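Structure record follows, encoded as structure tokens.
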Amino acid sequence: MEEQAYLAERSEQLARRAGLTRRDALKLGAALPVAAGVARFAPVGSAVAAVRDTTPPSPIVKELPADWFVKLGTNAEMRWDSVQGLGYTIPNERFFVRDHTATPTIDATTWELKVFGTGLSGDGASFSYDQLQALPSREITSFIECAGNGRSFFGLQQGTPAAGSQWGLGAVGVARWKGVLLSEVLDRAGVTKQAVDVMPYGLDADVVTNGVDYGPVRRPLPVAKALADALLAYEMNGAPLPPDHGYPLRLVVPGWVGVASTKWIGQIEVSAQPLFSLWNTQQYVMLGDAYPDKPVLTTQVVKSAWELARGAALPYRRRATLTGRAWSGTSGIAWVDVSIDQGATWTQAKLLGRNGPGNWVQFSYSFPPQPSGSYELWARATDASGRTQPATVPFNTGGYLFGAIVRHPVVIH
Ligand SMILES: Nc1nc2c(c(=O)[nH]1)N[C@H]1C(S)=C(S)[C@@H](COP(=O)(O)O)O[C@H]1N2
Ligand SMILES: [Mo]
């Protein structure tokens, strides 16, 4: 009761600050849950407050050497020209970081995962770090890719820039993740057939924009996807999750937009009613003339990238082996076509090794000897379900899912 009163008050506070009625705030996803019976465990209780660091010294904890990363506000993009020669997975120290606010410091010994909500048969459950590690474990290899990866190309290639981090193509990385299936934890917490949405809450600081406090990063996941293959990961590439990547526990939602893969999870709400937050109402929704139905983002589209800097120099009149990676949220990559004459002719790249849905495949292309000049390298990936990279994509105001062929400039002197 006490928690519910707190939540209701806080929600109204948020709404007042934003000059909205509480109803409006709920509609906009500004408010914390206030529906009766939701707060069986205190979503903003003392145990959570104890591990929550709202004043971190810098947004990202790890080193960000300039030859590996491009800094973009509170985020760090992986440089594709630093990837050449790496294996299938991206090492933890080189993996891109996307923080809505900042990486928090969390003490796993006092941390707990709480599961609560109207979609459970009982009062919920909680798990310590050790208890989670004692549950049956699972290891998966999957990419995490920001929905805004490639956003800068809306401006660079289509003349319609979209606001937000101006990512090139480096807001993506594949890692090996070990943890517990979300379904395993939800089963133990008593998930019912009535459950529709599962919403993990981050323990990072609240997102505050223009004086409106939207609460912690949290995005509802349909129960079907939650039970299908979502993983609560505590390890990344064989090591405990690094702080920037969600220590002590994060979700990995294979094939889906990165925002679904909540980091620093403290609580999971399982609801018998649809849930809303900023991250499935105003953000991570396709908005614009081409999207009258305003679809909420789920699966990632087909993309490809060269392991080269933009404007890289290639050898004069000599053959060069160029490498890249292609990926899709839906299925493996079937082939990658390459053009160096702006789409007049195409040659297939060679696919190398591992390939599958929610993963990437490495490819190589033998660039034929050319005279000096400026060229554009085009890679066009097609996945096993027949999705292919188009020449252009319709604009959306969030600049999400830029899946068009990227025209990669190179020079030969
Ligand atoms: N709690 C929390 N989870 C989060 C975020 C965040 O800011 N806070 N960012 C999301 C977004 S938008 C992306 S793209 C991925 C990035 O994961 P990474 O930083 O490990 O690469 O984490 C997601 N999970
Ligand atoms: Mo993201």
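The values are calculated or read from the model by the stated rules, or taken from the named source; none is laboratory data. The structure presented is a predicted model; accordingly, all values stated were derived computationally and were not measured. Here the Cβ is made from the backbone with ideal geometry for all residues, glycine too, and neighbour counts use every protein chain on show.
Points to keep in mind about this one:
- Residue in the stretch 78-98 that is over 26 Å from ALA226 (Cβ atoms), part of a strand (DSSP E or B), within 16 Å of ligand 2 (Cβ to nearest atom) and among the hydrophobic types (A, V, I, L, M, F, W, C) present: yes
Let's see how each residue does on (1) touching a Gly at 6+ places or on another chain (Cβ under 6 Å); (2) among the aliphatic types (A, V, I, L, M):
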position	(1), (2)
ALA349	no, yes
GLY358	yes, no
VAL361	no, yes
SER385	no, no
PRO390	no, no
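- THR101 falls short on exactly one of the conditions (1) in a helix (DSSP H, G or I); (2) within 16 Å of ligand 2 (Cβ to nearest atom); (3) surrounded by fewer than 19 Cβ atoms within 10 Å (Cβ to Cβ), and that condition is (1).
- Of all residues in the stretch 208-237, those satisfying the criterion of being hydrophobic (A, V, I, L, M, F, W, C) and outside any helix (DSSP H, G or I) are VAL208, VAL212, VAL217, LEU221, ALA230, LEU231, LEU232, ALA233, MET236.
- Residues satisfying the stated conditions in the stretch 184-211, i.e. within 15 Å of ligand 1 (Cβ to nearest atom) and among the charged types (D, E, K, R): ASP204, ASP206
- Sole exception among (1) among the aliphatic types (A, V, I, L, M); (2) within 16 Å of ligand 2 (Cβ to nearest atom); (3) surrounded by fewer than 20 Cβ atoms within 10 Å (Cβ to Cβ) for ALA175, by number: (3)
- Among (1) more than 22 Å from MET78 (Cα to Cα); (2) surrounded by fewer than 21 Cβ atoms within 10 Å (Cβ to Cβ); (3) within 16 Å of ligand 2 (Cβ to nearest atom); (4) touching a residue at least 40 places away in the same chain (Cβ under 8 Å) - the single one ARG188 does not satisfy: (3)
- Condition met for VAL285 (buried (at least 24 other Cβ atoms within 10 Å of the Cβ), within 16 Å of ligand 2 (Cβ to nearest atom) and β-branched (Val, Ile, Thr)): no
- The set of residues from the stretch 381-413 being among the β-branched types (Val, Ile, Thr) and in contact with a Lys or Arg (Cβ under 6 Å, 6 or more places away or on another chain) comprises just one member, ILE405.
- The condition of being within 15 Å of ligand 2 (Cβ to nearest atom) and either under 30 Å from ASP383 (Cβ atoms) or buried (at least 19 other Cβ atoms within 10 Å of the Cβ) (or both) holds for only one of LEU231, LEU297, that being LEU297.
- Unique residue being within 16 Å of ligand 2 (Cβ to nearest atom) and at positive phi when the list is GLY117, GLY150: GLY150
- Counted residues, the stretch 359-392 - those being without any contact (Cβ under 8 Å) to a residue 60 or more places away in the chain and not acidic (Asp, Glu): 19
- Cβ-Cβ distances below 7 Å connect the following pairs, each with a first residue in the stretch 64-92 that is more than 18 Å from PRO243 (Cβ to Cβ), a second residue that is among the aliphatic types (A, V, I, L, M) and assigned to a loop (DSSP other than H, G, I, E, B), and a separation of six or more residues or different chains: GLU77/ALA171; TRP80/LEU169; TRP80/LEU308; ASP81/LEU308; ASP81/ALA309.
- THR118 vs. criteria hydroxyl-bearing (Ser, Thr, Tyr), farther than 22 Å from MET236 by Cα, away from ligand 1 (no atom under 16 Å from the Cβ) and at pLDDT 95 or above: yes
- Strands (runs of 3 or more DSSP E) fully within the stretch 238-355 counting 2 or more residues that are more than 19 Å from ALA171 (Cα to Cα) and small (Gly, Ala, Ser): 265-271, 312-314, 333-339
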